[in-house]
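Report on the structure given below.
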Amino acid sequence: MDTLSHGLSGALLACACTPRRHRPAGREARVWLLAGFVGGVFPDIDFLLRAFGTLFYLQWHQGPTHSLLLVPVWAWLLVQLLSLACRGRYQWQTFFIPLCLGLLAHIAGDVITSYGTMLFAPLSMARFSVPVAFVIDAYFAAIVVLGMAIVLRWPAISRQAALVSLLMLTGYVTFLFSQHQAALSAARAAAGPDEAVYALAQPLSPRHWKLIRAQDDAWLQAHVRIRGESVAPVLLALTPGLRELAEAYRPVDTARWQRHPRMPAADEAAVGSAWRAPALQGFRAFAEFPTVLESDHGPGRACVAFVDLKYTLPGRRPSYRFDACRSDPQGPWQLERRRGSLWLD
């Protein structure tokens, strides 16, 4: 989820759990709201890891700052910062619980996207994901923005408004789960008996899905929509770029399956050599559906471009593209980066 949605969902959860002894418009209730927002935003501080390189960031994003085991640790550190900012006017207990709630709301919001979250770092670096929501979900964001607007405008009913907003979010995520199951069923219907299938949420609509079938030497990918219209026609009429993207998601019965070579299987020796290069070690560890985007072997220079199908969109430049290039046929492959269509790429 985007950072703002994380912060607002953390604030709503803290508001809904504010002790009844705190007056809805009182300072303590406002402190809970602020602490919940801070806790909801904090885990994305790992964005600073980009200073050490894109691959380093990709490998550790949604890592220790998103760990359930470390929630008390991060809350305690944030307590110190907030206490310092408030010059000791509040006891540490005032901040600790809403900060924990905000952190938990953030973790829950990331688990339902496809990236994968290290829930048990540092004991385990395994990533967990139920990919039912796209990283930027306008419907999710609308619910939390509307809920927070009511909370701030009418403090007397802030707890009730926050609770209703959270119930609406729960209902929406439940709907996303049902769409995910329908997408998986569509992939299984098209797959062979030995093919693993995956369904990844896509932008613009909860009905948009990317289906992936895993064969021995290839990935088969299709962009589909699950039942009904995908996006409001008025919205598409106003935004031609979005209309082109939305039209790429076809009804399941007319899905177009595209074949992509599956790594490390490769027909060309140069592609296999580039894939096994030490320079690509970080990408090999990061990518879940790695494939060759293109291979260019010109005079005096060779380049092989790799992408992860998880981060490609129809008709858009692939994000997180990594090229292995070399000028000497016997020399080492060097890593090069190309920017894609995602804002954080």
Quiz prompt | Test result for A156, farther than 18 Å from P131 by Cβ and not assigned by TED's automatic domain parsing to the domain that holds E244 | solution = yes
Among (1) touching a Ser or Thr at 6+ places or on another chain (Cβ under 6 Å); (2) exposed (fewer than 14 other Cβ atoms within 10 Å of the Cβ), Q80 falls short only on (1)
Restricting attention to the range 82-126, the residues that are closer than 20 Å to T3 by Cα and either not small (G, A, S) or not assigned by TED's automatic domain parsing to the domain that holds Q62 (or both) number exactly 17
Note on the range 308-340: residues assigned to a loop (DSSP other than H, G, I, E, B) and more than 24 Å from the chain's Cα centre (by Cα) are S327, D328, P329, Q330, G331, P332, W333
- prompt: Taking S124, is it closer than 22 Å to G63 by Cβ, in contact with a Lys or Arg (Cβ under 7 Å, 6 or more places away or on another chain) and of a type in the set (G, A, S)?
  reply: no
### Message
Could you go through the range 108-120 and let me know if any residue there is farther than 23 Å from A287 by Cα, in contact (Cβ under 8 Å) with a residue 12 or more places away in the chain and not aliphatic (A, V, I, L, M).
### Response
no
Those residues of the range 159-185 which are farther than 20 Å from S129 by Cβ and surrounded by 18 or more Cβ atoms within 10 Å (Cβ to Cβ) amount to R159, A161, A162, S165, L166
Filter the range 120-151 for residues that are of a type in the set (A, V, I, L, M) and surrounded by 20 or more Cβ atoms within 10 Å (Cβ to Cβ); the one that is farthest from G40 (Cα to Cα) is V132
If we take the range 25-86, then helices (runs of 4 or more DSSP H) inside it with 1 or more residues that are more than 23 Å from the chain's Cα centre (by Cα) and in contact (Cβ under 8 Å) with a residue 60 or more places away in the chain are 27-41
The residue that is farthest from E336 (Cα to Cα), considering only those in the range 289-301 that are in a strand (DSSP E or B) and of a type in the set (G, A, S), is G298
Going through (1) closer than 25 Å to T174 by Cβ; (2) part of a loop (DSSP other than H, G, I, E, B) one by one, L103 fails only at (2)
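The values are calculated or read from the model by the stated rules, or taken from the named source; none is laboratory data. In this text the structure is predicted, and so the values were computed from the model without any measurement. When we count neighbours, we look across all protein chains shown, and the Cβ atoms used for this are built from the backbone with ideal geometry, even at glycine.
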